[in-house]
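Enquirer: Take a look at this one; I'll ask things after.
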Amino acid sequence: MRSMLAASVSLFLAMPATAQVISCVTNSQQLQAALVLAAFNGQDDVIRIATGHYPIPPGGFFYNTESVHADDKHLTLIGGWSELFGNPCGQQLTQNPFYTVLDGGGIDRVLRIRPGRHGDVTVRLLTLANGRATHSNGPAIGGGLYIDPVADNNTSVHRIERNAFINNVSDSIVGALDLSTGVVIATGRRLVINNLFWGNRALLGIGAVRIQQRGGEGVWFTNNTVIGNSVSLPQPDYPGAVQLGGSADRHVYNNILWGNTLSDLHIETNTPLYLHSNNIGHRTGYLGSTAASGNMSTNPQFGPGFLSFTPGRTSPLVDAGIHPGPLPSIWHLPERDLNDSPRVVGPAVDIGAYENFRVFASDFEDQQEPDGDGSLPAALCEAVDCEDPQQRGE
């Protein structure tokens, strides 16, 4: 069985048993095979995903270390790879997630990851679209991505960075991304950095994101754009687009949380909350904070373009974000934004996942043109329902 799976995945670098394996996949069959191998090969795995369209296999893409024979290593998934000298993943010509689409087809969840006690998880530069979390395949939670550790005392780091979650659905709660440890005691950290959540919805509550962390190094939710997510039949315990709970510290910086049904941000518990330089339309739950500065509630004033989520030149979100301090920090600003443009142009980072590429203060353009105008590429709409989510009927 394993030899058959191995034959379907291109391994361009295999290091000794204590190091990592780098694999390349170019279709859905190869991707699922690589996920299965990664759970059992006793090594850290980096799966490079070539640009393209990846319809899910039956049941969705699944990485599972629950088996007694599974290992407890790190897993990294990275999109945006292209061919070079016969290697299908020889170069990364784009860091725009819209060119690597994992597509649930409205049938099942896009991706579920069940890491071990110490295995870190990184998901980067992917579009997770059209997923549907149903009761027929595990909990109906997280239509785009559901990460649920298999073991208690979990020390792993979960990093979700520069992805797009579009048009995912849950038949219960949490439309797009669930990083909820549930009954598992976790002492690691959860980082959700520079992602777009648009047009996701859930039947009962939490249209986009839920993060619950019990202890550890905390939750870091930074430079995300969460807009146009909805709930069909809202329940009192699950309002809003983003819900943060648990006993760990929560750090919420530089986010656009705007234009979602019910509340845009719901804080479930009164544990330490650090809230800086966010644009939040409506907030519910625990309304206090341990520290807060630079927050606002205003129309984002996005620039022109097809479903553009880039702040326009006159937007109050331009140059309004905060940066990590001079000392080493758990959180960081990526070098590129979600449009593969420089992440910082001008005196400070912009709020949200996209950077306005004109310098606000001095009226000249960045010398490196962005990969587009910060709007959704028309080609993406061949795989994703780009109809305005506020107009989409059920």
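The values are calculated or read from the model by the stated rules, or taken from the named source; none is laboratory data. As the structure is a computational prediction, the values presented were derived from the model and not from experiment. Positions of Cβ are generated from backbone atoms using ideal geometry, with glycine treated the same way; all protein chains shown enter the neighbour counts. For the accessible areas, the whole protein counts, side chains as well, though only heavy atoms, and no ligand, DNA or RNA atoms are used. Shrake-Rupley method; radii C 1.70, N 1.55, O 1.52, S 1.80 Å.
Enquirer: Show me the ranking of peptides 227-237, 27-37 by mean Cβ neighbours inside 10 Å, starting with the highest.
Expert: The packing order, highest mean first, is 27-37, 227-237.
Enquirer: Write down the accessible area per residue of segment 171-248 in Å², having rolled a 1.4 Å probe over the full set of protein chains.
Expert: Here the per-residue accessible area is 23 Å².
Enquirer: Short version: what are the Cα gyration tensor semi-axes of segment 89-138, square root of 5 times each eigenvalue, largest first, in whole Å?
Expert: The equivalent ellipsoid of segment 89-138 has semi-axes of 23, 19, 7 Å.
Enquirer: Could you work out the Kirkwood radius for segment 131-180, taking every pair of different alpha carbons, averaging 1/r and inverting it, reported in Å? Display every interim value, and only then the final one.
Expert: Numbers: mean 1/r = 0.0864 Å⁻¹.
It is 11.6 Å.
Enquirer: How high is the relative contact order of segment 150-291, in percent, with contacts defined as C-alpha pairs under 8 Å that are six or more residues apart?
Expert: Taking the mean separation of contacting Cα pairs over the length of segment 150-291, I get 19 percent.
Enquirer: Follow-up. Give the shape of segment 24-115 as rounded, prolate or oblate, defined through the alpha-carbon gyration tensor: a ≥ b ≥ c are the square roots of its eigenvalues, a/c under 1.5 means rounded, and otherwise the shape is prolate if a/b is larger than b/c and oblate if not. Let's see the in-between values first.
Expert: Working: a/c = 2.24, a/b = 1.29, b/c = 1.73.
Verdict is oblate for segment 24-115.
Enquirer: Same structure, new question: Going by amide H atoms built from the backbone, whose H comes under 5 Å of the H on residue 212, apart from near neighbours?
Expert: Excluding prolines and chain starts, which carry no amide H, the hits are 179, 180, 181, 245.
Enquirer: Residue 100's amide H: which non-local residues (gap 5+, or another chain) put their own amide H closer than 5 Å, with H modeled 1.01 Å from N in plane and none for Pro or chain starts?
Expert: 52, 127
Enquirer: Among DSSP beta bridges lying fully in segment 201-319, give the percent that are antiparallel, nearest 5.
Expert: Around 5 percent antiparallel, to the nearest 5.
Enquirer: For residue 270 and residue 291, what does the FRET efficiency come to when R0 = 22 Å and r is the distance between their Cβ atoms, rounded to the nearest 0.05? Please report the intermediate quantities before stating the final value.
Expert: Values: r = 14 Å, r/R0 = 0.64.
Approximately 0.95, to the nearest 0.05.
Enquirer: Using modelled amide H (1.01 Å from N, peptide plane; none on Pro or chain starts), what sits under 5 Å from the amide H of residue 292, excluding residues fewer than 5 places away?
Expert: Result for residue 292 returns 275.
Enquirer: Here's a follow-up. Ignoring ligands, DNA and RNA, what percent of the 1.4 Å accessible area of segment 239-294 is carbon and sulfur?
Expert: On the way: 970 of 1740 Å².
Its accessible area is 56 percent carbon and sulfur atoms.
Enquirer: How much of residue 173 can a 1.4 Å solvent probe reach, expressed as accessible area in Å² and rounded to 10?
Expert: 10
Enquirer: How about segment 81-138: which chymotrypsin sites (Phe, Trp or Tyr not before Pro) there are in a DSSP loop, with at most 14 other Cβ atoms within 10 Å of their Cβ?
Expert: 85
Enquirer: While we're here: How large is ³J(HN,Hα) for each residue in segment 277-291, as worked out from phi by the Karplus curve 6.51 cos²θ - 1.76 cosθ + 1.60 (θ = phi - 60°), to whole Hz, x for Gly and Pro?
Expert: Karplus values, whole Hz, x for Gly and Pro: 6, 10, 10, 10, x, 8, 10, 9, x, 5, 9, x, 6, 6, 8.
Enquirer: For segment 186-260, restrict the atom set to alpha-carbon positions and state the Rg and Dmax in Å.
Expert: In Å, with Rg to one decimal and Dmax whole: 12.4, 34.
Enquirer: Output the antiparallel fraction of DSSP beta bridges having both residues in segment 31-123, as a percent to the nearest 5.
Expert: Values: 2 of 18 bridges.
The antiparallel proportion sits near 10 percent.
Enquirer: Now for a separate question. I need the Kirkwood Rh of segment 131-289: take the reciprocal of the average 1/r across all distinct C-alpha pairs and report it in angstrom.
Expert: That comes to 14.9 Å for segment 131-289.
Enquirer: What full-extension length gain, to one decimal in nm, is calculated for residue 329 and residue 299 as 0.36 nm per residue of separation minus the Cα-Cα distance?
Expert: Length gained between residue 329 and residue 299: 7.7 nm.
Enquirer: Next up: Specify the inter-centroid distance of segment 81-106 and segment 124-148, based on alpha-carbon positions, in whole Å.
Expert: The two parts, judged by their Cα centres, are 21 Å apart.
Enquirer: Between segment 156-174 and segment 234-249, how many Å separate their Cα centres?
Expert: Rounded to whole Å, the Cα centres lie 15 Å apart.
Enquirer: Please report the orientation-averaged projected area of segment 128-225, defined via the convex hull of its C-alpha atoms, in nm².
Expert: 5.6
Enquirer: Over segment 113-163, give the accessible area per residue in Å² for a 1.4 Å probe, as an integer.
Expert: So segment 113-163 comes to 26 Å² accessible per residue, rounded to a whole number.
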